[in-house]
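The values are calculated or read from the model by the stated rules, or taken from the named source; none is laboratory data. Since we're looking at a predicted model, the values are computed, not measured. Positions of Cβ are generated from backbone atoms using ideal geometry, with glycine treated the same way; all protein chains shown enter the neighbour counts.
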Amino acid sequence: MKDLPLVKAFNLDLGYRYSDYDQTGGVSTYKADFDWTVVDSGEAARRLRRAIRAPNVVELFNPAVAGPALLGTADPCDYDSVQRTGSNAAAITALCQAQGIPASVINSYKLTFLGTQAIQTGNLDLKPEKADTFTAGVVYRPTFSSPLFSRVSASVDYYNIKLSDAISTLSADLVFARCYGADYNPTFSASNEYCAAINRNPATGTPDSTLTPYFNLGGLKTSGIDLPARLELRPRRGRPERPLRRHRDQLGGQLPDGLRGGGDAGRWLGRLHGHLRLQPERQLHGRRQRRPPALEGDHHPDLVARRQVVRRPLVLCRPR
């Protein structure tokens, strides 16, 4: 639609797709986008999209690759560990025995070398990653009569991105932390997927190996506001030597023929871009990740304001 009251132009884009994978099954993707231009100087846009990423060949079929790994902390099954002496001591002790630590050594078990053999493999039980993206924003492009400021624009954009069933690997120490942690194994069951990845020696109880395959690790979520601005300066044509003189060294000491003096000499162009982003920032698996308060249980996150201003060099071109 276009040229209607309060509707200079309106564009609607809808899409749907169903994909069926032999290994992971069927999954749907879709999109709903619209752009609404109210007047020449103002535009609103909204995007709602579902995207997927199926597991790749390596994530599904990667052969077992072994390597040394450190646990970083004491084995949770140590007789004097925080887990064995805490409020869930009885459940942890039963879990350690169910994993293979003999009853004859359970009360004196102590891992002396805080390491294991990590074995990374593919995982045929992986599900596709899903990403839901919502963006909305407005753009303002004032129509100045002065050619010096003929290209000025500013916008406000809100975005919310949620990734579920994210595919990644875990290090051996995180596999241990999740096996013996109430957050990921609330019943302290030996059949938990993280506990099943720990293989203990049936004679000594030491962790001979730890499987670190690709997992669907839950999800990530981020949201924020972008405030980009753009300014382009376009002086009048003619005699560009003075603004170009300071760049002469970069041009080998000479100006191109078409850029020397005269009314038809050419033009120079300067650009200045500004960008401000407000976004919650949190920790995930020991690495900095941008996450909202909903995933942390913290309703008052610190907002990290990021500002980036990029100055681009003058762009030289021949007259059109």
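Only a single item in (1) modelled with pLDDT under 95; (2) of a type in the set (Ser, Thr, Tyr); (3) over 18 Å from LEU174 (Cβ atoms) is not met by THR93, and it is number (1). Picking from residues in the stretch 12-27 that are in contact (Cβ under 8 Å) with a residue 24 or more places away in the chain and closer than 28 Å to ARG46 by Cβ, the one that is surrounded by the most Cβ atoms within 10 Å (Cβ to Cβ) is VAL27.
Can you spot a residue in the stretch 36-59 that is surrounded by fewer than 16 Cβ atoms within 10 Å (Cβ to Cβ) and under 19 Å from CYS195 (Cβ atoms)? No; the residues of the stretch 36-59 include none that is surrounded by fewer than 16 Cβ atoms within 10 Å (Cβ to Cβ) and under 19 Å from CYS195 (Cβ atoms). I'd like to check something: does the stretch 67-75 contain any residue that is within 30 Å of LEU163 (Cβ to Cβ) and surrounded by 15 or more Cβ atoms within 10 Å (Cβ to Cβ)? Yes; the residues of the stretch 67-75 include at least one that is within 30 Å of LEU163 (Cβ to Cβ) and surrounded by 15 or more Cβ atoms within 10 Å (Cβ to Cβ).
For the stretch 108-128, the criterion of being touching a Cys at 6+ places or on another chain (Cβ under 7 Å), surrounded by 14 or more Cβ atoms within 10 Å (Cβ to Cβ) and either at pLDDT below 90 or part of a loop (DSSP other than H, G, I, E, B) (or both) is met by at least one residue. Residues in the stretch 34-77 that are within 22 Å of the chain's Cα centre (by Cα) and in a strand (DSSP E or B) were compared, and the one that is farthest from TYR180 (Cα to Cα) is ARG46. Of the listed requirements (1) under 20 Å from the mean Cα position of the chain (by Cα); (2) farther than 30 Å from ALA94 by Cα, ARG141 misses just one: (1).
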